[in-house]
Structures are given as C-alpha cells and as structure tokens.
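> Input: one structure, supplied below.
The values are calculated or read from the model by the stated rules, or taken from the named source; none is laboratory data. Since this is a predicted model, take the numbers as computed values, not measurements. Backbone-built Cβ (ideal geometry, glycine too); neighbour counts: all protein chains shown.
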Amino acid sequence: MPDLSIDLDLLATHLQNKMTADELSVRAAAVEIGFGAATLSRLLQGTKSANVPDLKNVIKAAAWVGMTVGDVSPETRNRPTTIADVEVSLRALPGLASQDAEALVAMVKAGYQRAKAIRSKKGS
C-alpha cells in the first residue's frame, strides 16, 4: 500500500500565500474552498495542529492552490523548489526563534518578489 502522508507545512504555506495574494480572510477562503473556517484554521497550522483534517478536505485545499495531494507528499521531490518550499525550510531551522524565522521569511519573500519584478521588466 502506498504511503499517503502529506506535508501539512508545505500545504499550509501554499494556502497562506494564496490567501495573502487574494487578500482573503480565513472565513472567505474557506467558503471558496468549500469547507468551514475551523478546518482551514487547522490546515493553516500545519503540523502544529493536533487535529488533522480528513483526506477529502486536504484534497480540496490542495486543489484550491492548484496542487494535488501528490504535490504535497513528502515523497514528491522531483519538482522545482518553490518559494513556499523555502519558507517551510526557513521555519524549520533549529534553534531559531519564531519571530526571527518570520523575519527571514519576510526578507526572502521581499527579495524574491523584487527579483521577479526585475526579471519581468527585462523581458518586456
């Protein structure tokens, strides 16, 4: 039987990034996804949540961010690294205070967005 494990931290990061990009609250995003705000709140906690939503809701959440369950499986590593992957890695650094990890994430995201903007201007 195949391993059906899910990288909940990766999924949480993708969910948060889409919510931020679309300027959606937890409640509004949950309505778009098709489940309750409490379920989305648990998913946004990633592995920090004691209660993991059922597979049906994980599938809905992954689809909402344009992914499949396979994309958020720890077994799936034959794909390009995304900014969400980098964010998960930064948050997982041992010995780093939460606020320091968040500061690093903000700096990396800002640098990434700036580089992306510069590249798009050069391509115009």
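> Looking only at residues in the stretch 69-92 that are β-branched (Val, Ile, Thr) and within 15 Å of Leu8 (Cβ to Cβ), which one is modelled with the lowest pLDDT?
So the residue we want is Thr76.
> Taking the stretch 52-74 on its own, how many of its residues are in a helix (DSSP H, G or I) and either of a type outside the set (A, V, I, L, M, F, W, C) or loosely packed, with under 13 Cβ neighbours inside 10 Å (or both)?
Total satisfying the criteria: 6.
> Ok, one more. Scan Ser25, Ser49, Ser41 and give me the residue that is surrounded by 11 or more Cβ atoms within 10 Å (Cβ to Cβ), among the hydroxyl-bearing types (Ser, Thr, Tyr) and at pLDDT below 85.
Going through Ser25, Ser49, Ser41 in turn, just one is surrounded by 11 or more Cβ atoms within 10 Å (Cβ to Cβ), among the hydroxyl-bearing types (Ser, Thr, Tyr) and at pLDDT below 85: Ser49.
Each row is one residue, and each column tells you yes or no for (1) under 17 Å from the mean Cα position of the chain (by Cα); (2) within 18 Å of Ala12 (Cβ to Cβ).
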position	(1), (2)
Leu43	yes, yes
Gly46	yes, yes
Val58	yes, yes
Pro94	no, no
Gln113	yes, no
Arg119	no, no
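> Give the stretch 34-47 a look and list any residue that's farther than 18 Å from Ile6 by Cα and assigned to a helix (DSSP H, G or I), or say none.
Once the filter is applied, which keeps residues that are farther than 18 Å from Ile6 by Cα and assigned to a helix (DSSP H, G or I), the stretch 34-47 yields Ala37, Ala38.
> Continuing with this model, one more query. Any idea how many residues of the stretch 82-120 are assigned to a loop (DSSP other than H, G, I, E, B) and within 21 Å of Ala61 (Cβ to Cβ)?
2
> Can you name the residue in the stretch 48-75 that is of a type in the set (Ser, Thr, Tyr) and in contact (Cβ under 8 Å) with a residue 12 or more places away in the chain and, of all such residues, is nearest to Ser5 (Cα to Cα)?
So, considering only residues that are of a type in the set (Ser, Thr, Tyr) and in contact (Cβ under 8 Å) with a residue 12 or more places away in the chain, the one nearest to Ser5 (Cα to Cα) is Ser73.
> Now a separate question. Among the residues of the stretch 82-97, which ones are touching a helix residue (DSSP H, G or I) at 6+ places or on another chain (Cβ under 8 Å) and loosely packed, with under 14 Cβ neighbours inside 10 Å?
Ala92, Leu93
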